[in-house]
Amino acid sequence: MKTLITGATGLMGALFLEKLAKNHPSAEISCLIRPTSNCSSLNTLNLKLNYLTGDSAKSETWRHILSEETFDTIFHLVQLRHVPTILDSLQTLGQIPRLVIIGTTGVYSKYNQYSVEYKTAETRLKSYPGPYCLLRPTMIYGSYRDKNIHKLIRFCHKYGFFPVFGPGNNLLQPVHADDLAKTLLYLWENPHIAGEYDLSGGTVVSFRELLALVSQLISKPVRQISLPLKFGISMARILEAILKTRSPVKVEQILRLQEDKAYPHKAAQKDLAFYPRSLEEGLRQEVELMRKKTVI
Ligand SMILES: NC(=O)c1ccc[n+]([C@@H]2O[C@H](COP(=O)([O-])OP(=O)(O)OC[C@H]3O[C@@H](n4cnc5c(N)ncnc54)[C@H](OP(=O)(O)O)[C@@H]3O)[C@@H](O)[C@H]2O)c1
(Lines give C-alpha, C1' and ligand atoms only; values in the text may rest on other atoms or scores of the structure.)
Protein backbone atom coordinates (compact mmCIF):
# COMPACT_ATOMS: atom_id res chain seq x y z
CA MET A 1 0.00 0.00 0.00
CA LYS A 2 1.58 3.29 -1.08
CA THR A 3 1.09 5.84 1.67
CA LEU A 4 1.73 9.57 1.79
CA ILE A 5 1.70 11.40 5.11
CA THR A 6 1.60 15.14 5.76
CA GLY A 7 2.61 16.50 9.17
CA ALA A 8 5.08 13.66 9.81
CA THR A 9 7.27 15.90 11.98
CA GLY A 10 4.34 17.10 14.10
CA LEU A 11 3.05 15.63 17.36
CA MET A 12 0.56 13.24 15.75
CA GLY A 13 2.69 12.41 12.71
CA ALA A 14 5.72 11.46 14.80
CA LEU A 15 3.67 9.25 17.16
CA PHE A 16 1.96 7.55 14.22
CA LEU A 17 5.27 6.83 12.48
CA GLU A 18 6.76 5.49 15.75
CA LYS A 19 3.87 3.02 15.94
CA LEU A 20 4.26 2.08 12.27
CA ALA A 21 7.98 1.44 12.79
CA LYS A 22 7.27 -0.78 15.79
CA ASN A 23 4.43 -2.77 14.25
CA HIS A 24 5.45 -2.77 10.58
CA PRO A 25 9.23 -2.40 10.50
CA SER A 26 10.69 -1.33 7.16
CA ALA A 27 7.32 -0.10 5.84
CA GLU A 28 7.73 2.37 2.98
CA ILE A 29 6.14 5.75 3.63
CA SER A 30 6.33 9.01 1.71
CA CYS A 31 6.27 12.17 3.82
CA LEU A 32 5.39 15.62 2.56
CA ILE A 33 7.61 17.92 4.63
CA ARG A 34 8.52 21.60 4.45
CA PRO A 35 12.04 22.66 3.47
CA THR A 36 12.48 23.83 7.08
CA SER A 37 11.10 20.67 8.76
CA ASN A 38 13.41 18.93 11.19
CA CYS A 39 13.34 15.20 10.36
CA SER A 40 16.19 14.09 12.65
CA SER A 41 14.00 12.04 15.01
CA LEU A 42 12.15 10.42 12.09
CA ASN A 43 15.43 9.30 10.56
CA THR A 44 16.13 7.06 13.57
CA LEU A 45 12.92 5.06 12.98
CA ASN A 46 12.98 1.63 11.37
CA LEU A 47 11.05 2.76 8.28
CA LYS A 48 11.88 3.46 4.66
CA LEU A 49 10.98 7.13 4.50
CA ASN A 50 10.86 9.04 1.27
CA TYR A 51 10.78 12.81 1.77
CA LEU A 52 8.91 15.07 -0.65
CA THR A 53 9.29 18.77 -0.04
CA GLY A 54 6.58 21.40 -0.38
CA ASP A 55 3.71 23.20 1.30
CA SER A 56 0.47 21.29 1.84
CA ALA A 57 -1.50 24.55 1.58
CA LYS A 58 -0.38 25.04 -2.02
CA SER A 59 -1.84 23.40 -5.08
CA GLU A 60 1.54 23.56 -6.92
CA THR A 61 2.96 21.19 -4.28
CA TRP A 62 0.13 18.70 -4.68
CA ARG A 63 0.11 18.82 -8.46
CA HIS A 64 3.85 18.28 -8.57
CA ILE A 65 3.85 15.38 -6.09
CA LEU A 66 0.79 13.65 -7.51
CA SER A 67 1.95 13.92 -11.09
CA GLU A 68 5.21 12.15 -10.16
CA GLU A 69 3.63 9.36 -8.09
CA THR A 70 0.21 7.93 -7.20
CA PHE A 71 -0.74 6.83 -3.69
CA ASP A 72 -3.30 4.36 -2.35
CA THR A 73 -3.77 6.37 0.85
CA ILE A 74 -3.01 9.92 1.89
CA PHE A 75 -2.93 10.65 5.63
CA HIS A 76 -3.34 14.41 5.82
CA LEU A 77 -2.51 15.35 9.41
CA VAL A 78 -1.55 19.00 8.90
CA GLN A 79 -4.67 21.14 8.66
CA LEU A 80 -8.27 20.47 7.70
CA ARG A 81 -8.30 23.86 5.91
CA HIS A 82 -5.92 22.49 3.24
CA VAL A 83 -8.44 19.84 2.19
CA PRO A 84 -10.13 21.83 -0.64
CA THR A 85 -6.68 22.44 -2.19
CA ILE A 86 -5.86 18.72 -2.03
CA LEU A 87 -9.23 17.75 -3.50
CA ASP A 88 -8.87 20.22 -6.37
CA SER A 89 -5.46 18.78 -7.26
CA LEU A 90 -6.73 15.18 -7.08
CA GLN A 91 -9.66 16.08 -9.29
CA THR A 92 -7.40 17.76 -11.85
CA LEU A 93 -5.20 14.67 -11.99
CA GLY A 94 -8.15 12.23 -11.94
CA GLN A 95 -6.93 10.38 -8.84
CA ILE A 96 -9.11 9.03 -6.00
CA PRO A 97 -6.85 7.62 -3.26
CA ARG A 98 -8.31 6.87 0.15
CA LEU A 99 -7.99 9.95 2.36
CA VAL A 100 -7.52 9.94 6.12
CA ILE A 101 -7.96 13.48 7.39
CA ILE A 102 -7.51 14.89 10.87
CA GLY A 103 -10.19 17.52 11.41
CA THR A 104 -11.35 18.90 14.73
CA THR A 105 -14.43 19.02 16.94
CA GLY A 106 -13.85 22.80 16.64
CA VAL A 107 -16.15 22.45 13.62
CA TYR A 108 -19.07 22.26 16.09
CA SER A 109 -18.22 25.64 17.65
CA LYS A 110 -21.09 28.08 17.83
CA TYR A 111 -18.57 30.85 17.08
CA ASN A 112 -18.88 30.83 13.33
CA GLN A 113 -15.75 32.94 12.81
CA TYR A 114 -13.67 30.04 14.22
CA SER A 115 -15.55 27.16 12.61
CA VAL A 116 -16.53 28.41 9.16
CA GLU A 117 -13.33 27.27 7.41
CA TYR A 118 -13.62 23.82 9.00
CA LYS A 119 -17.25 23.57 7.90
CA THR A 120 -16.31 24.58 4.34
CA ALA A 121 -13.55 21.96 4.23
CA GLU A 122 -15.83 19.23 5.63
CA THR A 123 -18.54 20.07 3.09
CA ARG A 124 -16.01 19.72 0.27
CA LEU A 125 -14.78 16.42 1.68
CA LYS A 126 -18.33 15.01 1.75
CA SER A 127 -18.48 15.39 -2.05
CA TYR A 128 -15.16 13.54 -2.59
CA PRO A 129 -15.84 10.62 -4.97
CA GLY A 130 -13.26 8.34 -3.30
CA PRO A 131 -13.24 6.69 0.15
CA TYR A 132 -12.33 8.92 3.07
CA CYS A 133 -12.07 8.84 6.82
CA LEU A 134 -12.51 12.09 8.75
CA LEU A 135 -11.28 12.10 12.36
CA ARG A 136 -12.39 14.88 14.66
CA PRO A 137 -10.29 14.90 17.83
CA THR A 138 -11.12 17.07 20.81
CA MET A 139 -8.25 18.89 22.57
CA ILE A 140 -5.12 16.74 22.30
CA TYR A 141 -2.92 16.19 25.39
CA GLY A 142 -0.36 13.75 26.76
CA SER A 143 2.92 14.93 25.24
CA TYR A 144 5.55 17.61 25.83
CA ARG A 145 4.51 18.80 22.37
CA ASP A 146 0.84 19.32 23.18
CA LYS A 147 -0.03 22.97 23.13
CA ASN A 148 -2.75 22.91 25.75
CA ILE A 149 -2.64 20.82 28.90
CA HIS A 150 1.15 20.61 28.99
CA LYS A 151 1.28 24.42 29.25
CA LEU A 152 -1.51 24.41 31.84
CA ILE A 153 0.34 21.89 34.04
CA ARG A 154 3.57 23.90 33.81
CA PHE A 155 1.79 27.12 34.71
CA CYS A 156 -0.05 25.54 37.66
CA HIS A 157 3.18 23.96 38.92
CA LYS A 158 5.15 27.20 38.64
CA TYR A 159 2.61 29.72 39.97
CA GLY A 160 0.18 27.67 42.10
CA PHE A 161 -2.89 29.32 40.55
CA PHE A 162 -4.84 29.41 37.30
CA PRO A 163 -7.32 32.04 36.08
CA VAL A 164 -10.88 30.89 35.43
CA PHE A 165 -12.74 33.26 33.14
CA GLY A 166 -16.50 33.01 33.56
CA PRO A 167 -18.15 30.19 35.55
CA GLY A 168 -15.60 27.50 34.61
CA ASN A 169 -18.27 24.80 34.54
CA ASN A 170 -18.02 24.13 30.80
CA LEU A 171 -17.30 20.52 29.89
CA LEU A 172 -14.11 19.17 28.32
CA GLN A 173 -13.13 15.72 27.09
CA PRO A 174 -9.43 15.91 26.10
CA VAL A 175 -8.03 12.99 24.12
CA HIS A 176 -4.59 11.47 24.67
CA ALA A 177 -2.21 11.81 21.69
CA ASP A 178 -1.18 8.16 22.00
CA ASP A 179 -4.82 6.99 21.74
CA LEU A 180 -5.16 9.00 18.53
CA ALA A 181 -1.91 7.58 17.15
CA LYS A 182 -3.22 4.04 17.82
CA THR A 183 -6.30 4.94 15.76
CA LEU A 184 -4.15 6.21 12.87
CA LEU A 185 -2.27 2.91 12.93
CA TYR A 186 -5.57 0.98 13.02
CA LEU A 187 -6.76 2.91 9.96
CA TRP A 188 -3.52 2.21 8.12
CA GLU A 189 -3.88 -1.50 8.90
CA ASN A 190 -7.57 -1.53 7.88
CA PRO A 191 -7.74 0.25 4.53
CA HIS A 192 -11.42 -0.64 3.98
CA ILE A 193 -12.60 1.64 6.83
CA ALA A 194 -14.26 4.88 5.80
CA GLY A 195 -16.48 7.28 7.71
CA GLU A 196 -16.54 10.25 10.07
CA TYR A 197 -15.56 9.86 13.69
CA ASP A 198 -15.45 12.16 16.72
CA LEU A 199 -12.48 11.12 18.86
CA SER A 200 -12.80 12.29 22.44
CA GLY A 201 -11.08 11.12 25.61
CA GLY A 202 -12.20 8.64 28.24
CA THR A 203 -13.46 11.23 30.76
CA VAL A 204 -15.73 14.27 30.71
CA VAL A 205 -14.73 16.99 33.22
CA SER A 206 -15.54 20.62 33.86
CA PHE A 207 -12.67 23.10 33.59
CA ARG A 208 -12.64 23.50 37.39
CA GLU A 209 -12.52 19.70 37.82
CA LEU A 210 -9.58 19.57 35.41
CA LEU A 211 -7.67 22.11 37.53
CA ALA A 212 -8.47 20.13 40.69
CA LEU A 213 -7.18 16.94 39.05
CA VAL A 214 -3.96 18.65 37.95
CA SER A 215 -3.48 19.98 41.49
CA GLN A 216 -3.91 16.46 42.90
CA LEU A 217 -1.47 14.92 40.40
CA ILE A 218 1.29 17.51 40.82
CA SER A 219 0.73 17.36 44.61
CA LYS A 220 0.52 21.14 44.84
CA PRO A 221 -2.38 23.45 45.60
CA VAL A 222 -3.69 25.25 42.51
CA ARG A 223 -5.87 28.26 43.39
CA GLN A 224 -8.68 28.86 40.94
CA ILE A 225 -8.82 32.63 40.45
CA SER A 226 -12.31 33.53 39.22
CA LEU A 227 -12.32 36.46 36.79
CA PRO A 228 -15.11 38.01 34.75
CA LEU A 229 -15.32 36.74 31.19
CA LYS A 230 -15.29 40.28 29.75
CA PHE A 231 -12.02 41.01 31.54
CA GLY A 232 -10.42 37.87 30.05
CA ILE A 233 -11.53 38.76 26.54
CA SER A 234 -10.22 42.36 26.80
CA MET A 235 -6.91 41.13 28.23
CA ALA A 236 -6.48 38.54 25.45
CA ARG A 237 -7.37 41.16 22.83
CA ILE A 238 -4.64 43.51 24.14
CA LEU A 239 -2.05 40.70 24.38
CA GLU A 240 -2.85 39.53 20.85
CA ALA A 241 -2.58 43.10 19.52
CA ILE A 242 0.86 43.52 21.10
CA LEU A 243 2.35 40.04 20.88
CA LYS A 244 0.47 38.77 17.79
CA THR A 245 0.97 34.99 17.45
CA ARG A 246 3.27 34.92 20.53
CA SER A 247 0.39 35.87 22.82
CA PRO A 248 0.04 33.23 25.60
CA VAL A 249 -3.73 33.45 25.38
CA LYS A 250 -6.10 34.07 22.49
CA VAL A 251 -9.61 35.51 22.45
CA GLU A 252 -10.69 32.33 20.65
CA GLN A 253 -9.38 30.15 23.51
CA ILE A 254 -11.28 32.14 26.15
CA LEU A 255 -14.50 32.22 24.16
CA ARG A 256 -14.29 28.56 23.27
CA LEU A 257 -13.59 27.67 26.91
CA GLN A 258 -17.16 28.76 27.61
CA GLU A 259 -18.51 26.09 25.27
CA ASP A 260 -19.16 22.49 26.29
CA LYS A 261 -16.71 20.36 24.32
CA ALA A 262 -17.71 16.84 25.30
CA TYR A 263 -18.59 14.56 22.40
CA PRO A 264 -19.45 10.86 22.47
CA HIS A 265 -17.14 8.50 20.57
CA LYS A 266 -19.44 5.46 20.27
CA ALA A 267 -19.05 5.18 16.47
CA ALA A 268 -15.24 5.15 16.81
CA GLN A 269 -15.47 2.55 19.59
CA LYS A 270 -17.53 0.27 17.35
CA ASP A 271 -15.63 0.71 14.05
CA LEU A 272 -12.10 1.67 15.14
CA ALA A 273 -11.71 -0.24 18.43
CA PHE A 274 -11.23 3.18 20.03
CA TYR A 275 -11.04 2.82 23.82
CA PRO A 276 -9.32 5.99 25.09
CA ARG A 277 -7.71 6.05 28.52
CA SER A 278 -9.28 7.99 31.39
CA LEU A 279 -8.15 11.57 31.89
CA GLU A 280 -6.74 10.71 35.30
CA GLU A 281 -4.56 7.97 33.83
CA GLY A 282 -3.46 10.14 30.89
CA LEU A 283 -2.65 13.14 33.06
CA ARG A 284 -0.76 10.98 35.55
CA GLN A 285 1.39 9.70 32.65
CA GLU A 286 1.92 13.25 31.37
CA VAL A 287 2.94 14.53 34.82
CA GLU A 288 5.35 11.57 35.25
CA LEU A 289 6.86 12.35 31.85
CA MET A 290 7.27 16.00 32.79
CA ARG A 291 8.92 15.05 36.08
CA LYS A 292 11.31 12.69 34.26
CA LYS A 293 12.27 15.48 31.88
CA THR A 294 12.52 17.84 34.88
CA VAL A 295 10.09 20.21 33.21
CA ILE A 296 8.28 20.37 36.56
N1 LIG B 1 -3.70 20.28 19.18
C2 LIG B 1 -4.98 20.03 19.37
O3 LIG B 1 -5.50 20.10 20.50
C4 LIG B 1 -5.82 19.61 18.21
C5 LIG B 1 -7.18 19.36 18.41
C6 LIG B 1 -7.96 18.92 17.34
C7 LIG B 1 -7.38 18.74 16.09
N8 LIG B 1 -6.05 19.02 15.91
C9 LIG B 1 -5.47 18.79 14.58
O10 LIG B 1 -4.63 17.66 14.66
C11 LIG B 1 -3.69 17.69 13.59
C12 LIG B 1 -2.33 17.27 14.08
O13 LIG B 1 -1.90 18.18 15.04
P14 LIG B 1 -0.45 18.13 15.65
O15 LIG B 1 -0.61 18.48 17.11
O16 LIG B 1 0.25 16.87 15.27
O17 LIG B 1 0.24 19.39 14.93
P18 LIG B 1 1.71 19.93 15.15
O19 LIG B 1 2.43 19.20 16.21
O20 LIG B 1 1.58 21.42 15.26
O21 LIG B 1 2.42 19.59 13.77
C22 LIG B 1 2.09 20.23 12.60
C23 LIG B 1 2.76 19.48 11.46
O24 LIG B 1 2.29 20.01 10.22
C25 LIG B 1 3.41 20.43 9.46
N26 LIG B 1 2.98 21.59 8.67
C27 LIG B 1 2.43 22.73 9.13
N28 LIG B 1 2.10 23.54 8.10
C29 LIG B 1 2.47 22.89 6.97
C30 LIG B 1 2.41 23.20 5.58
N31 LIG B 1 1.89 24.38 5.17
N32 LIG B 1 2.86 22.30 4.70
C33 LIG B 1 3.41 21.13 5.10
N34 LIG B 1 3.49 20.76 6.40
C35 LIG B 1 3.03 21.65 7.33
C36 LIG B 1 4.48 20.75 10.47
O37 LIG B 1 5.75 20.71 9.85
P38 LIG B 1 7.05 21.46 10.44
O39 LIG B 1 7.81 20.40 11.19
O40 LIG B 1 7.76 21.95 9.26
O41 LIG B 1 6.55 22.56 11.34
C42 LIG B 1 4.27 19.59 11.44
O43 LIG B 1 4.79 18.42 10.92
C44 LIG B 1 -3.78 19.09 12.99
O45 LIG B 1 -4.52 19.03 11.80
C46 LIG B 1 -4.55 19.87 14.05
O47 LIG B 1 -5.28 20.93 13.48
C48 LIG B 1 -5.26 19.44 16.94
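The values are calculated or read from the model by the stated rules, or taken from the named source; none is laboratory data. Predicted, not measured: the structure shown is a model, and the values here were computed from it. For neighbour counting, all protein chains shown are included, and Cβ atoms are generated from backbone atoms with ideal geometry for every residue, glycine included. Just so you know, the surface numbers come from the protein's heavy atoms only, side chains and all, with ligands and any DNA or RNA stripped out. Shrake-Rupley method; radii C 1.70, N 1.55, O 1.52, S 1.80 Å.
Would you be able to tell me the number of residues in the stretch 146-172 that are out of contact with any Gly (no Cβ under 8 Å at 6 or more places or on another chain) and either charged (D, E, K, R) or part of a strand (DSSP E or B) (or both)?
Residues flagged as out of contact with any Gly (no Cβ under 8 Å at 6 or more places or on another chain) and either charged (D, E, K, R) or part of a strand (DSSP E or B) (or both) within the stretch 146-172 amount to 10.
Do we find a residue being modelled with pLDDT under 95 and within 13 Å of the chain's Cα centre (by Cα) anywhere in the stretch 133-144?
yes
From the set of residues in the stretch 77-99 that are open to solvent by 40 Å² or more (accessible area, probe 1.4 Å) and among the polar types (S, T, N, Q), which is nearest to the ligand (Cβ to nearest atom)?
Residue satisfying both the conditions and the ranking: Gln79.
In the set Asn50, Asn38, Asn43, which member is assigned to a strand (DSSP E or B), surrounded by fewer than 20 Cβ atoms within 10 Å (Cβ to Cβ), out of contact with any helix residue (DSSP H, G or I) (no Cβ under 6 Å at 6 or more places or on another chain) and not charged (D, E, K, R)? Walk me through it before giving the result.
On the way: Asn38 fails: assigned to a strand (DSSP E or B); Asn43 fails: assigned to a strand (DSSP E or B).
Only one candidate qualifies: Asn50.
Does at least one position in the stretch 188-210 carry a residue that is open to solvent by 50 Å² or more (accessible area, probe 1.4 Å), at negative phi and in a strand (DSSP E or B)?
Checked against the condition, which is being open to solvent by 50 Å² or more (accessible area, probe 1.4 Å), at negative phi and in a strand (DSSP E or B), the stretch 188-210 yields at least one hit.
Which residues, counting only those in the stretch 41-60, are within 11 Å of the ligand (Cβ to nearest atom) and under 22 Å from Ser143 (Cα atoms)?
If the condition is that a residue be within 11 Å of the ligand (Cβ to nearest atom) and under 22 Å from Ser143 (Cα atoms), then Ser41, Leu42 are the ones that fit.
For the stretch 214-296, please list each of the helices (runs of 4 or more DSSP H) lying entirely inside it that holds at least 2 residues being open to solvent by 60 Å² or more (accessible area, probe 1.4 Å) and either under 30 Å from Trp188 (Cα atoms) or without any contact (Cβ under 8 Å) to a residue 24 or more places away in the chain (or both).
In the stretch 214-296, 229-243, 266-272, 279-292 are the helices (runs of 4 or more DSSP H) which contain 2 or more residues that are open to solvent by 60 Å² or more (accessible area, probe 1.4 Å) and either under 30 Å from Trp188 (Cα atoms) or without any contact (Cβ under 8 Å) to a residue 24 or more places away in the chain (or both).
Name the residue, out of Ile102, Ile74, Ile153, that is within 12 Å of the ligand (Cβ to nearest atom) and surrounded by 19 or more Cβ atoms within 10 Å (Cβ to Cβ). It would help to see each step written out before you state the result.
Working: Ile74 fails: within 12 Å of the ligand (Cβ to nearest atom); Ile153 fails: within 12 Å of the ligand (Cβ to nearest atom).
Of Ile102, Ile74, Ile153, the one residue that is within 12 Å of the ligand (Cβ to nearest atom) and surrounded by 19 or more Cβ atoms within 10 Å (Cβ to Cβ) is Ile102.
Residues of the stretch 110-126 being in contact (Cβ under 8 Å) with a residue 24 or more places away in the chain and either open to solvent by 20 Å² or more (accessible area, probe 1.4 Å) or closer than 29 Å to Arg284 by Cα (or both), which ones?
Hits for the stretch 110-126 are Lys110, Tyr111, Tyr114, Glu117, Tyr118, Thr120, Arg124.
Can you name the residue in the stretch 1-26 that is over 25 Å from Val83 (Cβ atoms) and of a type in the set (Gly, Ala, Ser) and is also nearest to the ligand (Cβ to nearest atom) among such residues?
Ala21
Cβ contacts < 9 Å: first residue within 19 Å of Glu28 (Cα to Cα), restricted to the stretch 176-195; second residue open to solvent by 10 Å² or more (accessible area, probe 1.4 Å) and among the β-branched types (Val, Ile, Thr), any location; separation 6+ or different chain. Result?
Leu184/Ile102; Tyr186/Ile193; Leu187/Ile193
Suppose we filter the stretch 3-35 for residues that are in contact (Cβ under 8 Å) with a residue 24 or more places away in the chain, loosely packed, with under 14 Cβ neighbours inside 10 Å and part of a loop (DSSP other than H, G, I, E, B); how many remain?
The number of residues fulfilling the criteria is 0.
Of everything in the stretch 122-147, what is under 16 Å from Thr105 (Cβ atoms) and more than 11 Å from the ligand (Cβ to nearest atom)? Give them in sequence order.
Glu122, Leu125, Cys133, Leu134
Of everything in the stretch 59-71 that's free of Cβ contacts under 8 Å to residues at least 40 places away in the same chain and out of contact with any helix residue (DSSP H, G or I) (no Cβ under 7 Å at 6 or more places or on another chain), which residue is surrounded by the most Cβ atoms within 10 Å (Cβ to Cβ)?
Here is the first cut: in the stretch 59-71, the residues free of Cβ contacts under 8 Å to residues at least 40 places away in the same chain are 59-64, 66-68.
With the extra rule that they be out of contact with any helix residue (DSSP H, G or I) (no Cβ under 7 Å at 6 or more places or on another chain), the set shrinks to 60-61, 64, 68.
Values: Glu60: 11, Thr61: 21, His64: 14, Glu68: 8.
So, considering only residues that are free of Cβ contacts under 8 Å to residues at least 40 places away in the same chain and out of contact with any helix residue (DSSP H, G or I) (no Cβ under 7 Å at 6 or more places or on another chain), the one surrounded by the most Cβ atoms within 10 Å (Cβ to Cβ) is Thr61.
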